[in-house]
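The values are calculated or read from the model by the stated rules, or taken from the named source; none is laboratory data. From a predicted model like this one, the values you see are computed outputs, not experimental measurements. Here the Cβ positions follow ideal geometry from the backbone for every residue, glycine too, while neighbour counts run over all protein chains shown.
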Amino acid sequence: MFDPRNPYHRRRWHYDSDQPLSVAQLIALGSLDARTAALLWVLVERHRSVIVSGPTDPMPGVGKTTTLNALLGFLPAGTTLVYTMGMYEGFDFEGQTDPQSTCVLANEVSDHLPIYMWGRVARQLLRLPGDGYAIATSCHADTLADVLRMLRSDLRLGAGEVGRLGVVVNIGLVGRVWPLRRRFLTVNYLRDAGGRADVVAGGGRTDAGQAAVGRGARSQETLALARWDEATDAFIPAEAGVLAELAGELGLAAADLEAAIGRREACLAALAAGRGANARAMREAVEALTESEASEAGSHVGTADAGSSEAADADRAGADMAGEADHVGKAPRARPRTGNTQRARRGGGARGADEDVGGTAKSAPDSASGGEDNPE
(Lines give C-alpha, C1' and ligand atoms only; values in the text may rest on other atoms or scores of the structure.)
Protein backbone atom coordinates (compact mmCIF):
# COMPACT_ATOMS: atom_id res chain seq x y z
CA MET A 1 0.00 0.00 0.00
CA PHE A 2 1.31 3.46 -0.94
CA ASP A 3 0.26 6.45 1.15
CA PRO A 4 1.39 9.83 -0.30
CA ARG A 5 1.01 11.44 3.14
CA ASN A 6 3.79 9.22 4.49
CA PRO A 7 7.30 10.56 3.75
CA TYR A 8 8.78 7.07 4.09
CA HIS A 9 6.38 5.76 1.45
CA ARG A 10 7.15 8.66 -0.88
CA ARG A 11 10.85 7.99 -0.42
CA ARG A 12 10.55 4.25 -1.02
CA TRP A 13 8.48 4.76 -4.16
CA HIS A 14 11.10 7.25 -5.42
CA TYR A 15 8.89 10.33 -5.20
CA ASP A 16 11.16 12.07 -2.69
CA SER A 17 14.94 12.51 -2.81
CA ASP A 18 17.40 12.16 0.05
CA GLN A 19 18.02 15.91 0.34
CA PRO A 20 15.10 17.93 -1.09
CA LEU A 21 16.03 21.31 -2.54
CA SER A 22 13.91 24.26 -3.62
CA VAL A 23 14.35 26.07 -6.92
CA ALA A 24 15.89 28.98 -4.98
CA GLN A 25 18.48 26.60 -3.54
CA LEU A 26 19.17 25.16 -7.00
CA ILE A 27 19.78 28.71 -8.26
CA ALA A 28 22.11 29.38 -5.32
CA LEU A 29 24.05 26.23 -6.25
CA GLY A 30 24.36 27.39 -9.85
CA SER A 31 22.21 24.59 -11.32
CA LEU A 32 20.21 27.19 -13.26
CA ASP A 33 19.78 30.95 -13.31
CA ALA A 34 16.87 33.04 -12.07
CA ARG A 35 15.60 33.89 -15.56
CA THR A 36 15.40 30.25 -16.67
CA ALA A 37 13.66 29.40 -13.41
CA ALA A 38 11.22 32.27 -13.92
CA LEU A 39 10.32 30.98 -17.37
CA LEU A 40 9.76 27.48 -15.96
CA TRP A 41 7.58 29.05 -13.26
CA VAL A 42 5.35 30.60 -15.93
CA LEU A 43 5.05 27.30 -17.79
CA VAL A 44 4.29 25.14 -14.75
CA GLU A 45 1.71 27.53 -13.33
CA ARG A 46 -0.02 27.62 -16.73
CA HIS A 47 -0.61 23.86 -16.62
CA ARG A 48 2.23 22.77 -18.90
CA SER A 49 3.73 19.31 -18.48
CA VAL A 50 7.36 18.74 -17.48
CA ILE A 51 9.85 15.99 -18.33
CA VAL A 52 13.23 16.06 -16.57
CA SER A 53 15.88 13.99 -18.34
CA GLY A 54 19.34 13.07 -17.17
CA PRO A 55 22.03 10.51 -18.04
CA THR A 56 22.92 7.36 -16.16
CA ASP A 57 26.63 7.84 -16.93
CA PRO A 58 29.12 8.58 -15.53
CA MET A 59 27.06 7.70 -12.46
CA PRO A 60 23.46 7.70 -11.28
CA GLY A 61 22.32 10.51 -9.00
CA VAL A 62 22.25 13.49 -11.35
CA GLY A 63 19.22 14.81 -9.46
CA LYS A 64 16.16 14.20 -11.65
CA THR A 65 13.89 13.56 -8.67
CA THR A 66 15.24 16.58 -6.81
CA THR A 67 14.76 18.82 -9.85
CA LEU A 68 11.25 17.57 -10.58
CA ASN A 69 10.12 18.04 -6.99
CA ALA A 70 11.57 21.54 -6.91
CA LEU A 71 9.64 22.53 -10.05
CA LEU A 72 6.40 21.24 -8.50
CA GLY A 73 6.71 24.16 -6.09
CA PHE A 74 5.47 26.38 -8.94
CA LEU A 75 2.09 24.63 -9.18
CA PRO A 76 -0.87 26.89 -8.38
CA ALA A 77 -2.50 26.51 -4.98
CA GLY A 78 -5.41 24.10 -5.18
CA THR A 79 -3.74 21.82 -7.72
CA THR A 80 -4.53 18.12 -7.27
CA LEU A 81 -1.49 15.86 -7.44
CA VAL A 82 -1.99 12.25 -8.48
CA TYR A 83 0.78 9.83 -7.52
CA THR A 84 0.80 6.97 -10.02
CA MET A 85 1.81 3.41 -9.23
CA GLY A 86 4.15 2.55 -12.08
CA MET A 87 3.24 -0.62 -13.96
CA TYR A 88 0.49 -1.24 -11.39
CA GLU A 89 -1.36 1.94 -12.38
CA GLY A 90 -5.02 1.56 -13.38
CA PHE A 91 -5.73 5.25 -14.21
CA ASP A 92 -9.07 5.14 -12.40
CA PHE A 93 -8.37 8.69 -11.16
CA GLU A 94 -9.52 9.96 -14.56
CA GLY A 95 -13.13 9.72 -13.45
CA GLN A 96 -12.44 11.38 -10.10
CA THR A 97 -10.38 14.49 -10.96
CA ASP A 98 -10.68 17.71 -12.95
CA PRO A 99 -8.01 17.53 -15.69
CA GLN A 100 -7.58 21.32 -15.83
CA SER A 101 -6.47 21.49 -12.18
CA THR A 102 -4.68 18.14 -11.87
CA CYS A 103 -1.02 17.25 -12.30
CA VAL A 104 -0.26 13.54 -12.65
CA LEU A 105 3.12 12.41 -11.29
CA ALA A 106 5.14 9.46 -12.52
CA ASN A 107 8.57 9.14 -10.94
CA GLU A 108 10.17 7.78 -14.13
CA VAL A 109 9.40 6.55 -17.63
CA SER A 110 11.67 3.52 -18.09
CA ASP A 111 11.69 -0.27 -17.87
CA HIS A 112 14.21 -0.37 -15.00
CA LEU A 113 11.77 -1.12 -12.15
CA PRO A 114 8.08 -2.07 -11.89
CA ILE A 115 7.37 1.14 -9.98
CA TYR A 116 8.35 3.02 -13.16
CA MET A 117 6.23 3.17 -16.33
CA TRP A 118 6.96 1.68 -19.72
CA GLY A 119 5.19 0.34 -22.79
CA ARG A 120 1.39 0.54 -22.86
CA VAL A 121 1.18 2.05 -19.35
CA ALA A 122 3.69 4.79 -20.20
CA ARG A 123 1.83 5.60 -23.42
CA GLN A 124 -1.40 6.02 -21.47
CA LEU A 125 0.35 8.41 -19.08
CA LEU A 126 1.97 10.44 -21.86
CA ARG A 127 -1.33 10.81 -23.69
CA LEU A 128 -3.07 12.39 -20.68
CA PRO A 129 -2.21 15.99 -21.76
CA GLY A 130 -4.49 15.37 -24.73
CA ASP A 131 -7.33 15.08 -22.19
CA GLY A 132 -6.33 18.28 -20.38
CA TYR A 133 -4.10 16.90 -17.62
CA ALA A 134 -0.58 18.12 -16.89
CA ILE A 135 1.99 15.43 -16.19
CA ALA A 136 5.39 15.55 -14.48
CA THR A 137 7.92 12.78 -14.90
CA SER A 138 11.57 11.97 -15.57
CA CYS A 139 13.59 9.71 -17.86
CA HIS A 140 17.16 8.65 -18.64
CA ALA A 141 18.40 10.49 -21.72
CA ASP A 142 21.59 12.41 -22.50
CA THR A 143 20.08 14.92 -24.94
CA LEU A 144 16.77 16.24 -26.20
CA ALA A 145 17.17 14.06 -29.31
CA ASP A 146 17.47 11.01 -27.03
CA VAL A 147 14.25 11.98 -25.23
CA LEU A 148 12.45 12.33 -28.56
CA ARG A 149 13.75 8.99 -29.82
CA MET A 150 12.37 7.36 -26.68
CA LEU A 151 8.99 9.03 -27.11
CA ARG A 152 8.62 8.65 -30.87
CA SER A 153 10.48 5.41 -31.62
CA ASP A 154 10.48 3.33 -28.42
CA LEU A 155 7.04 4.34 -27.14
CA ARG A 156 5.56 5.02 -30.61
CA LEU A 157 3.87 8.33 -29.79
CA GLY A 158 2.79 10.59 -32.63
CA ALA A 159 4.20 14.07 -33.23
CA GLY A 160 0.98 15.65 -32.01
CA GLU A 161 1.05 13.63 -28.79
CA VAL A 162 4.68 14.53 -28.13
CA GLY A 163 3.91 18.17 -28.98
CA ARG A 164 1.53 18.32 -26.00
CA LEU A 165 4.16 17.20 -23.47
CA GLY A 166 5.26 20.72 -22.55
CA VAL A 167 8.83 21.37 -21.51
CA VAL A 168 11.86 19.07 -21.45
CA VAL A 169 14.62 19.94 -18.97
CA ASN A 170 17.86 18.09 -19.69
CA ILE A 171 20.22 18.12 -16.70
CA GLY A 172 23.71 16.75 -16.22
CA LEU A 173 26.78 16.72 -14.00
CA VAL A 174 29.71 18.87 -15.13
CA GLY A 175 33.27 19.50 -13.98
CA ARG A 176 36.49 17.53 -13.72
CA VAL A 177 36.99 17.51 -9.95
CA TRP A 178 34.78 16.23 -7.15
CA PRO A 179 32.14 17.23 -6.29
CA LEU A 180 30.65 17.50 -9.76
CA ARG A 181 28.08 20.24 -10.33
CA ARG A 182 24.52 19.86 -11.55
CA ARG A 183 23.54 22.09 -14.48
CA PHE A 184 20.38 22.54 -16.53
CA LEU A 185 22.04 21.82 -19.88
CA THR A 186 19.06 22.65 -22.10
CA VAL A 187 15.43 23.66 -21.65
CA ASN A 188 13.13 23.11 -24.64
CA TYR A 189 9.43 23.52 -25.28
CA LEU A 190 7.82 20.82 -27.45
CA ARG A 191 5.56 21.65 -30.37
CA ASP A 192 3.86 19.61 -33.07
CA ALA A 193 5.99 19.66 -36.24
CA GLY A 194 2.89 19.19 -38.39
CA GLY A 195 4.16 15.99 -39.98
CA ARG A 196 7.17 17.52 -41.74
CA ALA A 197 10.02 15.16 -42.59
CA ASP A 198 13.00 17.54 -42.65
CA VAL A 199 15.08 15.43 -40.28
CA VAL A 200 18.85 15.43 -40.01
CA ALA A 201 19.91 11.80 -40.28
CA GLY A 202 21.48 10.42 -37.13
CA GLY A 203 19.88 12.94 -34.80
CA GLY A 204 20.89 16.40 -33.74
CA ARG A 205 19.25 19.78 -34.08
CA THR A 206 18.65 21.84 -37.20
CA ASP A 207 18.76 25.61 -37.59
CA ALA A 208 15.00 25.65 -38.18
CA GLY A 209 14.31 24.60 -34.61
CA GLN A 210 13.57 20.97 -35.49
CA ALA A 211 14.85 18.35 -33.08
CA ALA A 212 15.68 15.24 -35.07
CA VAL A 213 14.26 11.94 -33.84
CA GLY A 214 16.24 9.63 -36.05
CA ARG A 215 16.69 8.38 -39.58
CA GLY A 216 13.38 8.21 -41.46
CA ALA A 217 11.31 9.64 -38.59
CA ARG A 218 9.39 12.86 -38.66
CA SER A 219 10.91 15.87 -36.98
CA GLN A 220 9.60 17.39 -33.77
CA GLU A 221 9.40 21.15 -33.60
CA THR A 222 10.84 22.70 -30.43
CA LEU A 223 11.48 26.11 -28.94
CA ALA A 224 14.92 26.49 -27.32
CA LEU A 225 14.22 28.32 -24.05
CA ALA A 226 17.68 28.16 -22.44
CA ARG A 227 21.02 26.37 -22.67
CA TRP A 228 24.14 26.16 -20.52
CA ASP A 229 27.39 27.48 -21.98
CA GLU A 230 30.35 25.36 -20.87
CA ALA A 231 32.99 28.02 -21.60
CA THR A 232 31.44 30.62 -19.29
CA ASP A 233 29.41 28.41 -16.94
CA ALA A 234 26.47 30.68 -17.71
CA PHE A 235 22.99 30.23 -19.13
CA ILE A 236 22.01 31.62 -22.51
CA PRO A 237 18.34 32.69 -22.51
CA ALA A 238 15.78 32.39 -25.28
CA GLU A 239 15.83 34.96 -28.05
CA ALA A 240 13.04 37.53 -28.30
CA GLY A 241 11.54 35.80 -31.33
CA VAL A 242 11.35 32.50 -29.48
CA LEU A 243 9.63 34.15 -26.52
CA ALA A 244 7.13 35.75 -28.89
CA GLU A 245 6.31 32.30 -30.29
CA LEU A 246 6.04 30.86 -26.78
CA ALA A 247 3.70 33.69 -25.80
CA GLY A 248 1.45 32.66 -28.67
CA GLU A 249 1.51 29.05 -27.44
CA LEU A 250 0.44 30.26 -23.99
CA GLY A 251 -2.23 32.65 -25.25
CA LEU A 252 -0.36 35.72 -24.00
CA ALA A 253 0.86 38.91 -25.58
CA ALA A 254 4.66 38.93 -25.88
CA ALA A 255 4.89 41.99 -23.60
CA ASP A 256 2.75 40.28 -20.95
CA LEU A 257 4.95 37.17 -21.01
CA GLU A 258 8.11 39.26 -20.68
CA ALA A 259 6.58 41.18 -17.76
CA ALA A 260 5.55 37.96 -16.01
CA ILE A 261 9.05 36.52 -16.45
CA GLY A 262 10.58 39.74 -15.13
CA ARG A 263 8.48 39.74 -11.95
CA ARG A 264 9.31 36.12 -11.25
CA GLU A 265 12.99 36.57 -12.02
CA ALA A 266 13.25 39.40 -9.49
CA CYS A 267 11.42 37.32 -6.88
CA LEU A 268 13.66 34.29 -7.44
CA ALA A 269 16.85 36.33 -7.42
CA ALA A 270 15.94 37.61 -3.97
CA LEU A 271 14.99 34.13 -2.73
CA ALA A 272 18.27 32.67 -4.03
CA ALA A 273 20.46 35.01 -1.97
CA GLY A 274 22.97 33.21 0.21
CA ARG A 275 22.18 29.50 0.26
CA GLY A 276 18.66 30.06 -1.04
CA ALA A 277 15.22 29.91 0.57
CA ASN A 278 13.84 26.49 1.48
CA ALA A 279 10.76 24.88 -0.07
CA ARG A 280 8.33 26.35 2.47
CA ALA A 281 9.60 29.90 1.97
CA MET A 282 9.51 29.34 -1.80
CA ARG A 283 5.90 28.21 -1.62
CA GLU A 284 4.92 31.27 0.40
CA ALA A 285 6.65 33.56 -2.11
CA VAL A 286 4.95 31.86 -5.07
CA GLU A 287 1.51 32.24 -3.52
CA ALA A 288 2.20 35.85 -2.49
CA LEU A 289 3.20 36.84 -6.03
CA THR A 290 0.19 35.03 -7.51
CA GLU A 291 -2.17 36.80 -5.13
CA SER A 292 -0.50 40.14 -5.82
CA GLU A 293 -0.99 39.72 -9.57
CA ALA A 294 -4.60 38.68 -9.10
CA SER A 295 -5.23 41.68 -6.87
CA GLU A 296 -3.61 44.03 -9.37
CA ALA A 297 -5.69 42.56 -12.19
CA GLY A 298 -8.82 43.04 -10.08
CA SER A 299 -7.96 46.67 -9.33
CA HIS A 300 -7.53 47.34 -13.05
CA VAL A 301 -10.93 45.84 -13.71
CA GLY A 302 -12.42 47.94 -10.93
CA THR A 303 -10.97 51.10 -12.46
CA ALA A 304 -12.37 50.14 -15.84
CA ASP A 305 -15.78 49.49 -14.28
CA ALA A 306 -15.74 52.87 -12.56
CA GLY A 307 -14.83 54.62 -15.80
CA SER A 308 -17.57 52.78 -17.67
CA SER A 309 -20.12 53.69 -15.02
CA GLU A 310 -19.14 57.36 -15.12
CA ALA A 311 -19.30 57.40 -18.90
CA ALA A 312 -22.71 55.76 -18.87
CA ASP A 313 -23.99 58.27 -16.29
CA ALA A 314 -22.74 61.14 -18.46
CA ASP A 315 -24.38 59.64 -21.53
CA ARG A 316 -27.69 59.26 -19.72
CA ALA A 317 -27.50 62.81 -18.43
CA GLY A 318 -26.82 64.12 -21.92
CA ALA A 319 -29.61 62.07 -23.39
CA ASP A 320 -32.08 63.29 -20.78
CA MET A 321 -31.21 66.86 -21.62
CA ALA A 322 -31.78 66.15 -25.31
CA GLY A 323 -35.02 64.28 -24.63
CA GLU A 324 -33.65 61.05 -26.25
CA ALA A 325 -32.97 58.83 -23.27
CA ASP A 326 -34.44 55.74 -24.93
CA HIS A 327 -31.74 55.67 -27.62
CA VAL A 328 -28.61 55.86 -25.45
CA GLY A 329 -26.41 52.68 -25.32
CA LYS A 330 -24.45 51.88 -22.19
CA ALA A 331 -20.72 51.28 -22.47
CA PRO A 332 -20.01 47.56 -21.96
CA ARG A 333 -18.47 46.65 -18.63
CA ALA A 334 -15.12 44.92 -18.57
CA ARG A 335 -15.31 41.28 -17.59
CA PRO A 336 -13.48 40.73 -14.30
CA ARG A 337 -10.37 38.56 -14.52
CA THR A 338 -9.75 36.23 -11.62
CA GLY A 339 -6.54 34.65 -10.40
CA ASN A 340 -6.15 31.25 -8.78
CA THR A 341 -5.68 32.33 -5.19
CA GLN A 342 -7.47 29.43 -3.57
CA ARG A 343 -5.49 27.94 -0.71
CA ALA A 344 -5.76 24.20 -0.60
CA ARG A 345 -3.70 21.26 0.53
CA ARG A 346 -1.51 19.97 -2.25
CA GLY A 347 0.31 16.66 -2.33
CA GLY A 348 3.91 16.50 -3.47
CA GLY A 349 7.49 16.05 -2.46
CA ALA A 350 8.15 19.73 -3.06
CA ARG A 351 7.41 20.39 0.59
CA GLY A 352 8.69 19.01 3.83
CA ALA A 353 7.17 16.01 5.56
CA ASP A 354 5.63 18.22 8.23
CA GLU A 355 3.24 19.83 5.76
CA ASP A 356 -0.24 18.69 4.81
CA VAL A 357 -0.21 16.41 1.82
CA GLY A 358 -3.19 15.54 -0.34
CA GLY A 359 -3.18 13.77 -3.67
CA THR A 360 -4.54 10.52 -5.01
CA ALA A 361 -2.98 7.12 -4.66
CA LYS A 362 -4.05 3.53 -5.04
CA SER A 363 -2.91 0.26 -3.54
CA ALA A 364 -0.31 -1.88 -5.27
CA PRO A 365 1.90 -4.85 -4.45
CA ASP A 366 4.23 -3.76 -1.65
CA SER A 367 7.35 -5.26 -3.16
CA ALA A 368 9.10 -2.47 -5.06
CA SER A 369 12.61 -1.51 -4.11
CA GLY A 370 15.66 0.11 -5.61
CA GLY A 371 17.80 3.18 -5.60
CA GLU A 372 16.95 6.80 -6.27
CA ASP A 373 18.64 9.90 -7.57
CA ASN A 374 20.72 11.84 -5.09
CA PRO A 375 20.37 15.62 -5.11
CA GLU A 376 23.95 16.22 -6.31
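Structure summary
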| read-out | value |
| --- | --- |
| Where a residue in the stretch 2-22 is at pLDDT 80 or above and among the aliphatic types (A, V, I, L, M) and its partner, wherever it lies, is part of a loop (DSSP other than H, G, I, E, B) and crowded, with 20+ Cβ neighbours inside 10 Å, with Cβ under 6 Å and at least six apart | L21/P375 |
| Filter pass, T36 being out of contact with any Cys (no Cβ under 9 Å at 6 or more places or on another chain), among the polar types (S, T, N, Q) and under 17 Å from L165 (Cβ atoms) | no |
| Test: residue in the stretch 67-88 that is more than 28 Å from A253 (Cα to Cα), free of Cβ contacts under 8 Å to residues at least 40 places away in the same chain and surrounded by fewer than 17 Cβ atoms within 10 Å (Cβ to Cβ) | no |
| Scope the stretch 1-44; condition of a type in the set (D, E, K, R) and within 30 Å of T232 (Cβ to Cβ); matching residues | D33, R35 |
| Hits in the stretch 153-177 - residues which are basic (K, R) and either farther than 21 Å from S110 by Cβ or in contact with a helix residue (DSSP H, G or I) (Cβ under 6 Å, 6 or more places away or on another chain) (or both) | R164, R176 |
| Some residue of the stretch 169-181 being without any contact (Cβ under 8 Å) to a residue 60 or more places away in the chain and closer than 26 Å to G248 by Cβ | no |
| Those helices (runs of 4 or more DSSP H) lying entirely in the stretch 1-80 with at least 1 residues over 19 Å from the mean Cα position of the chain (by Cα) and of a type in the set (D, E, K, R) | 7-12 |
| Restricting the stretch 108-124 to residues that are surrounded by 23 or more Cβ atoms within 10 Å (Cβ to Cβ) and of a type in the set (A, V, I, L, M), the residue that is modelled with the lowest pLDDT | I115 |
| Identity of the residue in the stretch 98-126, under 19 Å from the mean Cα position of the chain (by Cα), in contact (Cβ under 8 Å) with a residue 24 or more places away in the chain and part of a loop (DSSP other than H, G, I, E, B), that ends up nearest to G54 (Cα to Cα) | E108 |
| Among the candidates A277, A270, residue that is modelled with pLDDT of 95 or more, out of contact with any strand residue (DSSP E or B) (no Cβ under 9 Å at 6 or more places or on another chain), closer than 21 Å to I27 by Cβ and surrounded by 15 or more Cβ atoms within 10 Å (Cβ to Cβ) | A277 |
| Strands (runs of 3 or more DSSP E) contained entirely in the stretch 132-234, each with at least 3 residues that are within 19 Å of the chain's Cα centre (by Cα) and at pLDDT 80 or above | 134-140, 167-174, 181-190, 220-229 |
| Members of the stretch 236-253 that are part of a helix (DSSP H, G or I), under 28 Å from R183 (Cβ atoms) and without any contact (Cβ under 8 Å) to a residue 40 or more places away in the chain | A240, G241, V242, L243, A244, E245, A247 |
